[in-house]
Amino acid sequence: MEAVDGNAIGGLLCEVFGTEMTAAASVCGSCGAARQVAELAVYRPALGTVVRCRSCDSVLMVFVKIHDRTCVDLLGLATLG
Amino acid sequence: MAGTALRRRLTWQVAKVSAVTVETASVRTLTLDVPDWPGHQAGQHLDIRLTDEDGYVAERSYSIASAPGEPVAITVERLDDGEVSPYLTDELRAGDDLELRGPIGGYFVWEPENGGPLLLLAGGSGIVPLRSILRHRERTGSTVPVRLLYSSRTLDDVIYRAELDQPASGVEVIHTLTRSQPPGWSGYARRADAALLAEVAWPAAALPLAYVCGPTSFVEAVSQALVQSGYPPERVKTERFGATGGT
């Protein structure tokens, strides 16, 4: 599966965080790489959305939507925003 | 930055299609009448949501094709196996309703004060947000020098061809046609790679600002070549939209 950019999930992020997030700063919890959210690698398999670090490929964020509820896992991030 | 516009809650709303423009055999521009549009920045996108009779929902993102201050427009390429685009390009007519939310994105945007010189690199329908930037530059009277390299499969696949044939002052448009070229074609006829960029890109010493939009393979090749030629990574803004679309 090919990655798109964090920019592509700007709408989803806005839904979850209530504000524009694609220009927000993020730091990878595994390798420490700092990037704007728009620069992260986004994979969208059928079940949800997986955001990975472009340096070390670690999973940073996972979003799964079920019945209008979005489950959010941000454990791969050291900091966001 | 339109701070207040960005902080407002992003909600779905119903827009009305006010015009459908044929761009190429598979590409249409939909001009939309959006009652509660807060205004957008050049380079932003919006989300479209289609709901079928049994409640199945499909969402897709589309770059905004128009400049800030112009009626909202999106340009859609028909993907034969797509869930959303065939409906948008083949079924929708002026007067139809369409559910959307936006504007979205604060990264792949350009304002005149961001300066340049600008290097715009488009693969296929990746031209759409870059066209918004070009129109915004012209409408604001910016004199930032621009080079646009636009990679398409064939001349018939070039979107906004008439508009790009008459660029504003200070804008240079360079085409490359990767699959076939018409007789007498004097432009480039190869993929956008390091060698081609060495010929057309501003030198890194000019401190250019680059926007790259297209299929993932195009964006990866172009952005890596730019960084290797000395562009600082933070001056190369990218927007990959997956494997779809042709370059």
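So here's what we get for this one:
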{"quantity": "Residue that is farthest from the other protein chains (Cβ to nearest Cβ) [pool: residues in segment A:38-71 that are hydrophobic (A, V, I, L, M, F, W, C), in contact with a helix residue (DSSP H, G or I) (Cβ under 7 Å, 6 or more places away or on another chain) and within 17 Å of A:Ala24 (Cα to Cα)]", "calculated": "A:Val51"}
{"quantity": "Residues satisfying the stated conditions in segment B:21-58, i.e. without any contact (Cβ under 8 Å) to a residue 24 or more places away in the chain, charged (D, E, K, R) and within 19 Å of B:Asp96 (Cβ to Cβ)", "calculated": "B:Asp36, B:Asp52, B:Glu53"}
{"quantity": "Any hit, segment B:183-205, residues being outside any loop (DSSP other than H, G, I, E, B), surrounded by fewer than 22 Cβ atoms within 10 Å (Cβ to Cβ) and under 19 Å from the mean Cα position of the chain (by Cα)", "calculated": "no"}
{"quantity": "Criterion violated by B:Asp52 - all others in (1) over 27 Å from B:Tyr107 (Cβ atoms); (2) modelled with pLDDT of 95 or more satisfied", "calculated": "(2)"}
{"quantity": "Selection count, segment B:101-123, where residues are more than 10 Å from chain A (Cβ to nearest Cβ), assigned to a strand (DSSP E or B) and surrounded by fewer than 22 Cβ atoms within 10 Å (Cβ to Cβ)", "calculated": "0"}
{"quantity": "Segment B:134-154, residues that are of a type outside the set (D, E, K, R) and open to solvent by less than 10 Å² (accessible area, probe 1.4 Å)", "calculated": "B:Val146, B:Leu148, B:Leu149, B:Tyr150, B:Ser151, B:Ser152"}
{"quantity": "Selection count where residues are more than 11 Å from the chain's Cα centre (by Cα), of a type in the set (A, V, I, L, M) and open to solvent by less than 50 Å² (accessible area, probe 1.4 Å), scope segment A:28-60", "calculated": "1"}
{"quantity": "Near pairs, Cβ below 8 angstrom, 6+ apart or cross-chain, from segment B:220-239 (surrounded by fewer than 20 Cβ atoms within 10 Å (Cβ to Cβ)) to any residue that is assigned to a strand (DSSP E or B) and not aliphatic (A, V, I, L, M)", "calculated": "B:Glu220/B:Arg240; B:Ser223/B:Thr238"}
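The values are calculated or read from the model by the stated rules, or taken from the named source; none is laboratory data. As the structure is a computational prediction, the values presented were derived from the model and not from experiment. Cβ sites come from the backbone with ideal geometry, for glycine too, and all protein chains shown count toward neighbours. Areas reflect the complete protein model, heavy atoms only, side chains present, ligands, DNA and RNA absent. Shrake-Rupley method; radii C 1.70, N 1.55, O 1.52, S 1.80 Å.
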